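Reading through the structure tokens given below for one structure.
Throughout, read-outs are computed from the coordinates displayed, never taken from laboratory work. Keep in mind it's a predicted model, so treat the numbers as computed, not measured. Here the Cβ is made from the backbone with ideal geometry for all residues, glycine too, and neighbour counts use every protein chain on show.
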Amino acid sequence: MRSLPRVLIVEDEPAIAELIAVNLRHNGFQPTWALDSETAQRELDAVLPDVILLDWMLPGESGLSLARKWRADARTRSVPILMLTARGDEADRVAGLDVGADDYITKPFSTRELLARIRAVLRRRAPEQAGASVTVGDLALDPATYRVSWMGQALKLGPTEFKLLHYLMTHTERVHSRAQLLDRVWGDHVFIEERTVDVHIKRLREALGPAGALVETVRGAGYRLTAQLPTASPACSGG
């Protein structure tokens, strides 16, 4: 029998944490609560959750700092992080995404929206239809084993970047608008903004290292993955 998805709630407000935990339990999840960064780290060291709900404002180490630390750790790098915060400005949302959060939800939020976002990041984490391995030049991706390599060297990608790369690699040389990528990679997740695509493209390029140049920006149109690295001469692949 398949175990219930584990959700680590890192939230210093007991009333909010309990409300989230109750709703998660009623909807088929196994929640664990940590009220500060130290407790959260102990929970992570004991058992890796399937997703982390991380409050921005915490006593001691901030949620932003925790997200950055967990993304730098090979053991926790691929665990989806959903930031919970009262800070709704675009600059704050981008800051959360930049340090490695997979999604962002502003308080107050509805239970329905929270559940939809959790299910969405879990869908993106697991390539449910394995499919065949894909190779573009020296870049290889295997959905069955969740591995990506460049010139034989293994690369580490987060769940959203993995799915984004998989889609681009199976549709090489085609230009995809932000709206198309949201539809194909994020699915029917209406809460995601187009700006989020830019952040994940940036993270994908960074994770790919030299192969990141294969992901081109087509100004005014969107993004594409090309089969050949651009030459040293200036091209339209900035961004």
Check your understanding: Distance in nm between label sites at Arg219 and Ala144, each 7 Å beyond Cα in the beta-carbon direction?
Key -> 4.4 nm
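So between Met151 and Ser62, what do we pick up on full extension, going 0.36 nm a residue minus the alpha carbon distance? Working shown, then result.
Numbers: separation 89, 0.36 × 89 = 32.04 nm, distance 3.77 nm.
Here the segment from Met151 to Ser62 would lengthen by 28.3 nm.
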**Study point:** Mean ellipticity per residue at 222 nm, deg cm²/dmol - from DSSP H runs of n ≥ 4 across the chain, formula -39500 (n - 2.57)
**Key:** -11000 deg cm²/dmol
Exercise for review: Working from Cα positions, state the angle (0 to 90°, nearest 10) between the long axis of helix 159-169 and the longest principal axis of the chain.
Suggested key: 20 degrees
Review point. Taking amide hydrogens as modeled 1.01 Å from N in the peptide plane, which residues meet the under 5 Å criterion relative to Trp33, leaving out close sequence neighbours?
Key: Ile9
Exercise for review: Label the chain by shape, choosing from rounded, prolate and oblate, from the square roots a ≥ b ≥ c of the eigenvalues of the Cα gyration tensor; if a/c is under 1.5 it is rounded, and otherwise prolate applies when a/b is larger than b/c, oblate when it is not.
Suggested key: prolate
Review point. If you build a Gaussian network model of the chain, linking Cα atoms that sit under 10 Å apart, which residue out of Phe109, Phe29, Phe162 swings the most?
Key: Phe109
Revision key, fill the gap. Given Cβ charges of +1 for Lys and Arg and -1 for Asp and Glu, the option among Thr217, Ala154, Met169 whose Cα lies farthest towards the positive end of the dipole of the chain is Met169
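What's the FRET efficiency of Tyr167 with Lys107 using the Cβ-Cβ distance as r and R₀ = 41 Å, to the nearest 0.05? Display every interim value, and only then the final one.
On the way: r = 32 Å, r/R0 = 0.77.
Taking R0 as 41 Å, the efficiency between Tyr167 and Lys107 is 0.85.
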Revision key, fill the gap. Nearest-0.05 FRET efficiency for Asp45 and Ala86 at R0 = 25 Å, using Cβ-Cβ distance, is 0.30
Check your understanding: Under a GNM of the chain (C-alpha, springs under 10 Å), which listed residue has the highest mean-square fluctuation: Gln180, Gln228, Gln153?
Key -> Gln153
Point to revise | Calculated FRET value between Ile16 and Asp73, using beta carbons and R₀ = 30 Å, to 0.05 | key: 0.70
Check your understanding: Under a plain spin-label model, where a point goes 7 Å from the Cα along Cα-to-Cβ, how far apart in nm are His26 and Val94?
Key -> 3.8 nm
Practice item. Tell me the label-point distance for the pair Lys202, Ala179, using the 7 Å Cα-to-Cβ offset, in nm and rounded to one decimal. Key: 2.4 nm
